[in-house]
Amino acid sequence: MAYAIRIVNLYKYLVLQKNEHVLSKQLLRSGTSIGANTRESKNAQSRKDFLTKLSIALKEADETEYWLELLYKTEYLDENQYLSIQNDTSELIKILTSIIKKLKSDT
């Protein structure tokens, strides 16, 4: 949830301060989807369903990382802004990857 809030606030900044509407909308969708899919996994109907939901969250995190990099390389984000949220994104990817690998090795 905290990460999604950061994404929403970044989206508002990009729209209101930078007048950027296309890339920021993509970032908003993928960045908030990570937490939504993770939350949905809590009520998975099976182990396979749980793994599927977390795999979707990982894909969304990877996509979010792409949009952040693009926003940085097109100078909508400065280096400090980018590195701050990129570090959190990278940590989420590591956590999700670790959980998914563990689940797959246990089957």
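The values are calculated or read from the model by the stated rules, or taken from the named source; none is laboratory data. Just so it is clear, the model here is predicted, and its values are computed rather than measured. Every residue, glycine among them, receives a Cβ derived from its backbone with ideal geometry; neighbour counts consider all protein chains shown. Surface accessibility is based on the protein's heavy atoms, side chains included, excluding ligands, DNA and RNA. Shrake-Rupley method; radii C 1.70, N 1.55, O 1.52, S 1.80 Å.
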* Among [x] 1.24; [y] 1.29; [z] 1.13, the entry derived from the coordinates for Cα Rg over 2.2 N^0.38 Å -> [z]
* How much net charge surrounds Val15 when only the other residues with a Cβ under 14 Å from the Cβ of Val15 are counted, with Lys and Arg +1 and Asp and Glu -1? -> +3
* **Net charge, Glu65 excluded, C-beta distance under 12 Å - Lys, Arg +1, Asp, Glu -1** => -4
* To do: Check cross-link reach from Lys48 to the aspartates and glutamates: straight Cα distance under 14 Å, and skip same-chain residues fewer than eight apart.
  => Glu40, Asp106
* State, to one decimal in nm, how far the label point of Glu91 lies from the label point of Lys18, with both points 7 Å from Cα in the Cβ direction. => 2.2
* With the chain treated as a Gaussian network of Cα nodes joined by springs under 10 Å, which of Ile56, Ile95, Ile34 yields the largest mean-square fluctuation? -> Ile95
* **Mean separation of Cα contacts under 8 Å (6+ apart) over length of the chain, as relative contact order %** => 25
* **Whole-percent carbon and sulfur share, accessible surface of the chain, 1.4 Å** => 52
